[in-house]
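Nothing in this text is a laboratory measurement; each read-out follows from the coordinates by a stated rule. These numbers come from a predicted model, not from an experiment. Note that each Cβ is placed from the backbone with ideal geometry, even for glycine, and that neighbours are counted across all protein chains shown.
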Amino acid sequence: MALQSLDITRRSATTTPAPALRQTTEVAKLIDVSACIGCKACQVACMEWNDIRDEVGNCVGVYDNPVDLSAKSWTVMRFAEVEEGGRLQWLIRKDGCMHCADPGCLKACPSPGAIIQYANGIVDFQQENCIGCGYCITGCPFNIPRIAKEDGKAYKCTLCSDRVAVGQAPACVKSCPTGALQFGSKEQMKDYADKRIKDLKMRGFEKAGLYDPPGVGGTHVMYVLHHADRPELYSGLPPDPSISPLVSLWKGFAKPLATVAMAAVALGSLFHYVIKGPNEVSKKLEDELEKEEST
Amino acid sequence: MQLTRRQFFKVCAAGMGGSSIALMGFSPAPALAEVRAFKLARATETRNMCPYCSVSCGVLIYTVGDKAKNAKPDIIHIEGDPDNPVNRGTLCPKGAGLLDMVKSPNRLKYPQVREPGSAEWKRISWEEAIERIAKHMKADRDASFIEKNEKGITVNRWNTFGFLASSAASNETGYLTHKVLRALGCVAFETQARI
């Protein structure tokens, strides 16, 4: 393995253990939904930094534009109108990769090195190793990765691993004019979230809380929600996300079985060859067959 | 392609064996994983100001190359200036997309004039433009400058002329704008701060 600008802890479809000596700071992005005004500066900054431009979309009657994530839109704002206690609430959530500590995409990926997890918590796609099978989409509990039409490869937010590697905040976080996006060590972000949650509780949001779902081992993109008891209000944020049991079955239980079966076939063939030998056809039979063919 | 039965079995067995070996971990050397290189590492950083609204956020403009004689500079990235007290590194969606304004094919890059009666915009040099503006200003000021009002009080007004300054200008530039225009008698000058 070459020298890395960030230490790798996990690679898709790889059993070689990763270097584990260096202790790097675990980073996190905190999205304070209560401070977001939905201006979409983060969306623009994301495309600008990553040198991608999505096609200009159409207005669909609500503020969501683009309507969904795509291979060229790695983050989108989702606007939910929710009636709560007789009051209309406009819940705006920045959607994008959550950078799970236990990433379903990485577990499901069959291509070595196409998905990697860095020691600081960032989960990154390496498109040159991607075979475009789309298993990462099946594996993701948040439905984030998208396959590009142009090259058939999967793309998603990188948490600006290139910026973080040189000690800078992700492009979206830097641009955010209201400070709804914060970036730092995961611990710091949790402390900051605590302050925000206390403030929200004082303002009457009794159920305010941090979204850092344990079902995926915690995430490196966390939300401060006013209604942390019902995350599904925020355009369907899963209340208790976990990796699909099919992925665990296929990659956990079935994989060694398949390897054993294949090894058994190979061993069986060897034994068959030793005991029975190759299938010999007598010269007489061959001549007869040739005669039949020529007629 | 013609395959005999025996050849077909051989191809199948080779394929199956190869993929099995790969699955069991005997695959070719793993491809290297590396984060995308930081694209601004040796870019030239220039401070400037967002031209859009009156907030006048500070921006950092990153240009390809190190200003060497033979390297032609080109803007590759623009982001907020953390040292600017106005925005402290942040930007709005329009500011965050400044690069596309710089690169826009519709951006005006040089002075143009549409002569009276003409439907065409004609490209002119900066010298021509400044001279042209000065001549128009002089003609208009000579024609409509008010030195004294009806009561005979000196007012030195030039009411037929307006000037659009910039809210992004520094204190010093603003002072100069003020001095020059007031000296000419111009009353109506404005910036995009109220547009």
inquiry  = Check which residues have an amide H placed less than 5 Å from residue A:29's amide H, if you skip close sequence neighbours.
reply    = A:221, A:222
ask   = If you average 1/r over every pair of different alpha-carbon atoms in chain A and take one over that average, what Kirkwood value in Å do you get?
value = 21.8
request  = Would you calculate a helix-derived [θ] at 222 nm for the protein assembly as shown, using -39,500 (n - 2.57) for each DSSP H run of n ≥ 4 and dividing by the full residue count, to the nearest 500?
outcome  = -9000 deg cm²/dmol
message = Explain nothing, just the number: dipole magnitude of the protein assembly as shown about its Cα centre with +1 on each Lys and Arg Cβ and -1 on each Asp and Glu Cβ, in debye rounded to the nearest 20.
response = 880
ask   = For A:155-166, what's the mean count of beta carbons from other chains sitting within 10 Å of each residue's beta carbon?
value = 3
note = Counting sequence-distant residues (5 or more places) and residues on other chains, those with an amide H built under 5 Å from that of residue A:89 are A:82, A:83, A:84
query = Label-point separation (nm) for residue B:118 and residue B:88, each offset 7 Å from Cα along Cα-to-Cβ?
reply = 5.1
task = Beyond 28 Å between alpha-carbons counts as too far, so tell me which of A:195/B:39; A:72/A:195; A:149/A:255; A:149/A:186; A:94/B:94; A:40/B:69 fall in that bin.
result = A:195/B:39; A:72/A:195; A:149/A:255; A:149/A:186; A:40/B:69
note = So, for the Cα atoms of segment A:248-294, Rg and Dmax in Å stand at 19.7, 57
query = Are there trypsin sites (Lys or Arg not before Pro) in segment A:125-192 that DSSP puts in a loop and that have at most 13 other Cβ atoms within 10 Å, and which ones?
reply = A:149
remark   = Scalar couplings 3J(HN,Hα) for segment B:51-64 by Karplus 6.51 cos²θ - 1.76 cosθ + 1.60 (θ = phi - 60°), nearest whole Hz, x for Gly and Pro, are x, 6, 10, 6, 5, 6, 5, x, 10, 10, 9, 9, 10, 5
request  = Normalising by the residue count of chain B, find the relative contact order in percent from Cα pairs under 8 Å and 6+ residues apart.
outcome  = 13
message = Along the Cα→Cβ direction, 7 angstrom out, place labels at residue B:109 and residue A:168. What is the inter-label distance in nm?
response = 2.6
task = Quick one: which residues, 5+ away or cross-chain, put their amide H under 5 Å from the amide H of residue A:77? H built at 1.01 Å from N.
result = A:65, A:95
ask   = Across the residues of A:108-117, average count of Cβ atoms on other protein chains within 10 Å?
value = 2
message = Give the average, rounded to an integer, of partner chain Cβ atoms located within 10 angstrom of each Cβ in A:252-259.
response = 1
message = Taking a cut-off of 19 Å, what percent of all Cα-Cα pairs in segment A:167-238 are separated by more than that?
response = 39
ask   = Per residue, what volume in Å³ does the convex hull of the Cα atoms of segment A:55-171 enclose?
value = 142
remark   = The convex hull of the Cα atoms of chain B, divided by residue count, gives a volume in Å³ per residue of 301
ask   = Convex hull over the Cα atoms of segment B:112-194, averaged projected area in nm²?
value = 7.7
request  = Net charge near residue A:183: determine it from the other residues with C-beta under 9 Å of the C-beta of residue A:183, scoring Lys and Arg +1 and Asp and Glu -1.
outcome  = +2
ask   = In angstroms, what radius of gyration and Dmax does segment B:44-102 have, counting Cα atoms only?
value = 12.0, 37
query = When only Cα pairs under 8 Å and 6 or more residues apart are kept, what is the percent relative contact order across chain A?
reply = 23
note = Residue-ordered couplings for segment B:88-99, obtained by feeding phi - 60° into the Karplus form 6.51 cos²θ - 1.76 cosθ + 1.60 and rounding to whole Hz (Gly and Pro as x), are 6, x, 8, 8, 8, x, 5, x, 5, x, 3, 4
key: Derived scalar couplings ³J(HN,Hα) [segment B:158-173; Karplus, 6.51 cos²θ - 1.76 cosθ + 1.60; whole Hz; x for Gly, Pro]   = 10, 7, 8, 10, x, 9, 9, 9, 10, 6, 7, 5, 6, 3, 5, 5
query = Using alpha-carbon pairs under 8 Å, 6+ residues apart, how would you state the relative contact order of segment B:105-177 in percent?
reply = 17
